[in-house]
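The numbers here are math on the coordinates, done by the rules we state, and not lab data. These numbers come from a predicted model, not from an experiment. Quick reminder, even Gly has a Cβ in these numbers, built from the backbone with ideal geometry, and neighbours come from all protein chains shown.
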Amino acid sequence: MGGRAAVSCGSVVERSELTALTRRSEARKRLVRRLLRLLGEDFAGTAGRRYEGLLDVYHGETGLRIDPAAAAALDRAWRKILRADPPPDYPAGAAYDKCQPLVLRELAAERMFDRFFAPAAGVPGVRVRADEVVVCPYSSTVLLEEAVATLAWPGGVIVCPEGFYKSASIHVEKCGARIVTCPATVDDAFAIDPESLARCLAVHRARGDLCGVLLTLPGNPVVAHYSRHQMAVIARVLAAAEVPIICDMAFDRMLAAHIPIAAMMADTARGPVRLYDRVLTITGNSKGYNAVGPCKFGAACTGDAEWLARIRERLTVTFQRESTHLARVLLEHTPRTYFRHNRRIMREQLDRALDLTAGINHRAGAKLVRPLGSAQGMFLTVLFDPDLLVAAGVGSGAELEDLLLAGAGIDSVALDRTGSSRLGVRLNVLAPRKAPGYEDRGLIEELFDRLDELLRELVSGRGYAEILAERGLLPLNSSVAQ
């Protein structure tokens, strides 16, 4: 099920519009940020308030610290490493193997994939074993790229439901394939639409270019709520397609409850299918555990032993025993209460963001800003009144992103980068910041005050081109804009 033989990610192929859009977005942001910083611009809030500097709600950091007990254990472990006092199971070999350390595979199965077993009533799920897990140092992104490489071929297609990780297209196209997006539900739930997914899979399977499916569950940029029944319907569609599936599950610990798609069983014309045998689930410890530096690692699991072996063969980057030990200590000493505590913080931030959004709409006497999805996770994704944007000369997500950056100093992620044509942006409301490492939840008030004032300017009749001209910038749709 793991697809064709792996291809070299060095294949030279024509980039799709999605990747080109992503690269244009990054280039434009660099230009605008540099200009605004050189000019020392400040930005307007309501009631005559002025704010200095750019407000970064584009990034994906949580701003949360490692659990205090885990941090203390890490300090002790690091001091022992510096004294050349290794843990007693260093000599055992397999536990601290540099390629696939057993201790991390066991911990990943036990603590990162534990929700695969009985995640909900009526869903028995699976108990993940260490021999069904692969790990890689530092980042789960490495695992994602290597997993895609086992499926992709030049000219092939990876189907992704609308709304995925903002740089997914770059990772997919390194291996010669391209992303094809299937629309999410048309309502504000922004959930996977099983009928749309089935149609998209059928079309590309008939064309012979279907490599596989890439899911982002829980969602990024939008966390949608799925009942057991909804997950079962999606599982049937995926099982019937008979293609390998990669699931990015990095945000799992941000949700109080989550049914992994790999935990589902599905009835098909050929009999029952255990999705665990078709799905490779990828996660890491950077979001849930807020790991940093040498403590970070990625993990993936599947019941498809052949697929796992191909990925393992591609993972040539090795662990250092010291970093393996630090990652181990972090997982072993982080209590479950830590995740509940962090989810409470996230919910408080989202509730405040939703209140501030409602306040903007109330004062305007119109629904200028509309949130998508459920109030979970670290991001708030909002749509803007399309009539207001059309009147302002904004016709795409890229232009909306540009207007927010140049006009209000708000650095965000346009939804078009996530495969969506909806006029909206993703905002990191958990950890707004003005510089890396200086995340401050209190900046949420400033964020929405800047946004409120910008929307008032648009309501008054000012437009995208006029606002950019004040900053010495041309709009994106100008033939000479950079």
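In this structure, the amide hydrogen of L280, modeled 1.01 Å from its nitrogen in the peptide plane, lies closer than 5 angstrom to those of I245, I246, C247, counting only residues at least 5 positions away or on a different chain.
With coordinates expressed along the principal axes, the C-alpha atoms belonging to the chain extend over 68, 60, 46 Å, beginning with the largest. Modelled label-to-label distance, R127 and R340, 7 Å Cα→beta-carbon offset: nm? Those two pseudo-labels are separated by 2.5 nm.
Taking a ≥ b ≥ c as the square roots of the eigenvalues of the Cα gyration tensor, an a/c ratio of 1.5 or more together with a/b larger than b/c marks segment 68-334 as prolate. Projecting label points 7 angstrom from Cα along Cα→Cβ for V292 and D187 puts them 4.2 nm apart.
For E110 and A375, a Förster radius of 30 Å and the Cβ-Cβ distance give a FRET efficiency of 0.50, rounded to the nearest 0.05.
Nearest 20 debye, what's the magnitude of the dipole of the chain about its Cα centre given +1 on Lys and Arg Cβ and -1 on Asp and Glu Cβ? List each step's numbers first, then the result.
On the way: 61 positive and 57 negative charges, 157 e Å.
Approximately 760 debye in magnitude.
The gain in end-to-end length when the R34 to K80 segment is fully stretched comes to 12.1 nm, 0.36 nm per residue minus the alpha carbon separation.
What's the angle, to the nearest 10 degrees (0 to 90), between helix 321-333's Cα axis and the longest principal axis of the chain? The answer is roughly 80 degrees.
Here S139 and Q320 are evaluated by their C-beta separation; at R0 = 22 Å the FRET efficiency comes out at 0.90. Segment K98..R49, full-extension length gain: 12.1 nm, with 0.36 nm per residue of separation and the alpha-carbon distance subtracted.
Cα gyration tensor of segment 102-227, axes a ≥ b ≥ c as square roots of the eigenvalues: rounded (a/c below 1.5), prolate (a/b > b/c) or oblate? Write out the running numbers ahead of the final one.
Details: a/c = 1.88, a/b = 1.24, b/c = 1.52.
Verdict is oblate for segment 102-227.
To the nearest 10 degrees, how steeply does helix 397-408 sit against the main Cα axis of the chain, on a 0 to 90 scale? Taking the Cα atoms of the chain, the angle to 397-408 is about 60 degrees. In sequence order, segment 17-27 has phi-based couplings of 4, 5, 5, 4, 4, 4, 5, 5, 4, 5, 5 Hz under the Karplus curve 6.51 cos²θ - 1.76 cosθ + 1.60, θ = phi - 60°, and Gly or Pro positions carry x. Near V126, the amide H atoms lying under 5 Å from its own belong to F117, A118; only residues 5 or more places off or on other chains count, and H is placed 1.01 Å from N. Over what distance in Å are the Cα centres of segment 354-416 and segment 311-337 separated? For segment 354-416 versus segment 311-337, the Cα centre distance is 39 Å.
Take the Cβ atoms of E306 and D42, set R0 to 41 Å, and the FRET efficiency comes out at 0.10.
Enter the angle in degrees (range 0 to 90, nearest 10) between the Cα long axis of helix 140-149 and the first principal axis of the Cα atoms of the chain, meaning the one along which they spread out most. Compared with the principal axis, the helix lies near 80 degrees.
One decimal place: the segment A120-T268 gains 51.1 nm when fully extended, by the rule 0.36 nm per residue minus the C-alpha distance. Extending 7 Å from Cα along the Cβ direction at V203 and again at A469 yields two label points whose distance is 4.0 nm.
Pairs over the 22 Å Cα-Cα cut-off, from the set K287/K434; K80/K296; K29/K367; K174/K296; K29/K166: K29/K367; K174/K296. Annotation: amide H-H contacts under 5 Å for G373 (H modelled 1.01 Å from N, sequence separation of 5 or more, or interchain): A189, F190.
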